[in-house]
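Encoded as structure tokens, the structure appears first; notes follow it.
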Amino acid sequence: MRKSKVIGMLLTVLAITILVKLGFWQLDRANEKERFFADYAQRSQQRISLNQLQSPTETIPRFAQVDVTGQFISRYLLLDNQMHQGQAGYHVIGLFEVNLVDTSRQYVMVNLGWVPWGPSRAQRPQLELPQDPITLTGYFYLPEITNVWGAGKHIIEDDQHPIRVQQLQADEISAAVQLPIQPYVVLLSESADFGWSREWQPQVMTPAKHRAYAFQWFSLALACLLVFWFASRSKKTITEE
């Protein structure tokens, strides 16, 4: 077998393998999104008090209604690259100091809503959060962490206030602010009389779209296989002649 044919076969197998893996990845994402939308649709109307739980991440379903009593500290985060009605901006993440049932003091991230970038990326929004003790209500949410190559190095840009972050990764944020940050987020209720623009209806790619992309990847894999097969047949025919 000629070297060029072996190389062509190996490249074809590699391309098909990658395309098939991308197709199955899209199918997995479709299943995840179905669960995501189902969780939002089935969110409980019964409120759960976070102050009374020791391990909320193990007992509270995603998008369950919760309340928590505590007080915002003066520092807050800006979650970057958030879209609202076609405009880019930030989600304002307040750091809410609470006392849990075991008397330990923890800090909960509270998503207070969306604000625009403003005229310049160099000028970060200077915002005022409620300063008095308060009981707030919202939805329980565990942030999705994107495990892309090198992402961990760019989650937090710098120590300028307010800190601009790319993902709500609690360990990284805890290290940056030197506070025990809980791994979940409370999405502030749309009915709260403070905060900024909030629409918690999931604004993500639908399961149907993920499946359409999966079909495209599988189709490309099949096309690669057919092209290689026809090319091999054509060369064989020419050689015989």
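Just a few scattered comments:
- Residue ranges 72-81, 189-198 sort as 72-81, 189-198 when ordered by packing (mean number of other C-beta atoms within 10 Å per residue, highest first).
- Per-residue packing, averaged as other Cβ atoms within 10 Å, sorts the ranges 170-181, 107-118 into the order 107-118, 170-181, beginning with the highest.
- Pair S197, Q166: separation of 7 Å Cα→Cβ label points (nm): 2.5 nm
Quick note: the coordinates plus some simple rules give every number you see, no bench work behind them. The model shown is predicted, which means the values in this text are computed figures rather than measured ones. Methodologically, a virtual Cβ is constructed for each residue, glycine included, from the backbone with ideal geometry; neighbour enumeration extends over all protein chains shown.
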